[in-house]
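Structure first, then comments.
All of the numbers you see were taken from the coordinates with simple rules; none came from a lab. No experiment lies behind these values; they were computed from the predicted model shown. Note that we place each Cβ from the backbone using ideal geometry, even for glycine, and neighbour counts take in every protein chain shown.
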Amino acid sequence: MAEIRVESLRKEFGSFVAVQDSNFTVEDGEFFVMLGPSGCGKTTTLRMIAGLELPTSGRILLGGEEVSQRRARERDIAFVFQLFALYPHMNVRKNIGFPLLAQGMAKSEIRTRVEEVARLLRIDHLLEKSVSGLAGGDRQRVALGRAIVRRPKCFLMDEPLGTLDSEFRDLMVHELRELHNRIHATTVYVTHDQMEAMSMADKIAVMSNGVIEQFGTPQEIYDRPASMFVADFIGSPPMNFLPFRSGLAKGVREVVVQGASVAVPEVHEDLAPGEMALGIRPEHIRFDDQSRLRGAVYGAEYLGTTQIVAVETADGMVKARVPADLSFRIGEPVGLSLNGARLSVFEKASGRAIRTALLDGQLGGNRHG
Ligand code: ATP
């Protein structure tokens, strides 16, 4: 398996820029997910890594070797498509073994490799069955088997679970990650589904309009979003934003929102006065009668151990995740207390996160305070 390095990668289609100045490294053996809404440039990036699309500029290195202008078949990469095209007239064994047959490998070696992969994917009992009669999940396993059997330098997967129903999808998310833990294949996986990304990835790149907004572990991206786009795209419900207007200076530890002073992680940059927003995840808000930040309960969504309560404030709806046994009435006035150690601060015009002790990861022992 090999490391994938992407340097200043750009793709233009006529005057349209589909991918701009993309930079990231997928370490050897890492499961890397490109996440973002439809049309943000995920597939285009993947196709450039695969060699199915040539970059307008920039470089792609595979195991330290530049492959930017090489054809797909010279890159030793396995691509698992969403619409996994299995050969319907062949059985499972022949479908999995086909790439090896095409390489001219000896039949006995093909047999050994196919059976090894089928055991790994737990489809060895299906080897002599026709693929046309298989259920969605098993078809997907056969497609994966055909990719794995070649022992390529890395795997590229473009929404491979997109066509499965939700039950199979959950199962396959679990199986794919488990398989990865066993074979440690460098993998680039494209999806628009944040739950898939969060449950499978070692690292995630969140993309928007051809730009990587943030690159990091699922926890970094969730806890310390680099932009309002990421904060809003990740999390269900997404991060809340509370607007305020202020200049910020290095060392500030408090801001005023809706007349209430709120403690924030120490600010690490100086900014001219402008529209700002505090960002807070629903689970870091508590109901607190003493708080001057107030609203009225609008509705609640019961989730078993917790509930999501929507509170209407002077600046719009705020959602808090509170214990399920907490009771209140619709319309009841409540105070909201924000966990100061978990607050992000954003500049509204650019959407970027302001550098604070939280974003810079310097909160020390206070992170869960
Ligand atoms: P999706 O999940 O919908 O495929 P995506 O994030 O993978 O989304 P891409 O398929 O990479 O997005 O497409 C990025 C943008 O580039 C889209 O606006 C798309 O219309 C455009 N695009 C992709 N391929 C071409 C092409 N061959 N010619 C012109 N425009 C293209």
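Rg (Å, one decimal) plus Dmax (Å, integer) for the alpha carbons of the stretch 228-347?
Cα only, the stretch 228-347: 14.4, 45 Å (Rg, Dmax).
How high is the relative contact order of the chain, given as a whole-number percent (alpha carbon pairs under 8 Å, six or more residues apart)?
Worked out over the chain, it gives 15 percent.
Taking the Cα centroid of the stretch 253-275 and of the stretch 32-108, what is the distance between the two, rounded to the nearest whole Å?
First find each Cα centre; the distance between them is then 48 Å.
How would you rank Lys203, Lys129, going from fewest to most other Cβ atoms within 10 Å of each one's own Cβ?
If I rank by nearby Cβ atoms, fewest first, I get Lys129, Lys203.
Collect residues whose amide H, placed 1.01 Å from N in the peptide plane, falls under 5 Å from the amide H of Cys154; neighbours closer than 5 in sequence don't count.
Sorted by chain and number, the residues that satisfy this are Ala78.
Can you return the aspartates and glutamates within cross-link range of Lys250? Criterion is Cα-Cα under 20 Å, with same-chain partners fewer than 8 residues away left out.
Glu266, Glu269, Asp270, Glu275, Glu347, Asp360
Once you've got the Cα coordinates, tell me which of Lys11/Lys203; Lys42/Lys203; Lys11/Lys42 are over 18 Å apart.
Lys11/Lys203
What is the diffusion coefficient of the stretch 4-223 in µm²/s, taking the Kirkwood radius over Cα pairs and the Stokes-Einstein relation at 37 °C with a viscosity of 0.692 mPa s?
Taking Rh from Cα pairs, D becomes 183 µm²/s.
Relative contact order for the stretch 1-158 using alpha-carbon pairs under 8 Å, separation at least 6, rounded to a whole percent?
Once divided by the residue count of the stretch 1-158, the mean separation gives 25 percent.
Count charges around Arg122 for me, please; just the other residues with Cβ under 9 Å from its Cβ, Lys/Arg as +1, Asp/Glu as -1.
0
How big is the charge dipole of the stretch 228-347 about its Cα centre, in debye rounded to the nearest 20, if each Lys and Arg gets +1 on its Cβ and each Asp and Glu gets -1 on its Cβ?
I would put it at about 160 debye.
Per DSSP helix of 4 or more residues, -39500 (n - 2.57); summed, then divided by the residues of the chain. What does that give at 222 nm, rounded to the nearest 500?
-7000 deg cm²/dmol
What is the angle, in °, between the Cα long axis of helix 107-120 and the longest principal axis of the Cα atoms in the chain? Nearest 10 is fine, range 0 to 90.
Tilt relative to the chain: about 30 degrees.
For Lys107, give me every one of the lysines with a C-alpha distance below 22 angstrom, ignoring sequence neighbours fewer than eight places off in its own chain.
Reachable lysines: Lys94, Lys129.
Where Lys and Arg each count +1 and Asp and Glu each count -1, what net charge lies around Val190 among other residues with Cβ under 11 Å from its Cβ?
-2
Identify, among Val131, Phe287, Leu358, the residue whose Cα sits farthest towards the positive end of the charge dipole of the chain, taking +1 on the Cβ of Lys and Arg and -1 on the Cβ of Asp and Glu, with the dipole about the Cα centre.
Val131
For the stretch 338-353, take each phi angle, set θ = phi - 60°, evaluate the Karplus expression 6.51 cos²θ - 1.76 cosθ + 1.60, and give the result in whole Hz per residue in order, putting x for glycine and proline.
9, 6, x, 6, 10, 8, 9, 10, 10, 8, 5, 4, 8, x, 7, 6
Scan around Ser227 for amide H atoms under 5 Å from its own, H built in the peptide plane at 1.01 Å from N, and keep only partners 5 or more places away or cross-chain.
So Ser227 has HN proximity to Ala353.
How far, in degrees from 0 to 90, does helix 166-183 lean away from the longest principal axis of the Cα atoms of the chain, to the nearest 10?
That helix lies at roughly 70 degrees to the long axis.
With N set to the residue count of the chain, report its C-alpha Rg divided by 2.2 N^0.38 Å to two decimal places.
The chain yields a ratio of 1.17.
Placing +1 at every Lys and Arg Cβ and -1 at every Asp and Glu Cβ, with all other atoms neutral, what dipole size does the chain have around its Cα centre, in debye to the nearest 20?
It works out to roughly 960 debye.
Compute the acute angle (0 to 90°) between the alpha-carbon long axis of helix 136-148 and the principal axis of greatest extent of the alpha-carbon atoms of the chain; round to the nearest 10°.
The answer is roughly 70 degrees.
With point charges of +1 on the Cβ of Lys and Arg and -1 on the Cβ of Asp and Glu, referenced to the Cα centre of the stretch 64-181, which listed residue (Leu161, Ala85, Thr112) lies farthest in the positive direction of the dipole?
About the Cα centre, the residue reaching furthest to the positive side is Thr112.
Just add up the charged neighbours of Glu66: K/R +1, D/E -1, any other residue whose Cβ is under 15 Å from the Cβ of Glu66.
So the surrounding residues net to +1.
Report, by chain and number, residues whose modeled amide H sits under 5 Å from the one on Leu86, excluding near sequence neighbours (fewer than 5 apart, same chain).
For Leu86, no residues qualify.
Hey, fewest Cβ within 10 Å first, where do Ile330, Ile60 land in order?
The order, fewest Cβ neighbours first, is Ile330, Ile60.
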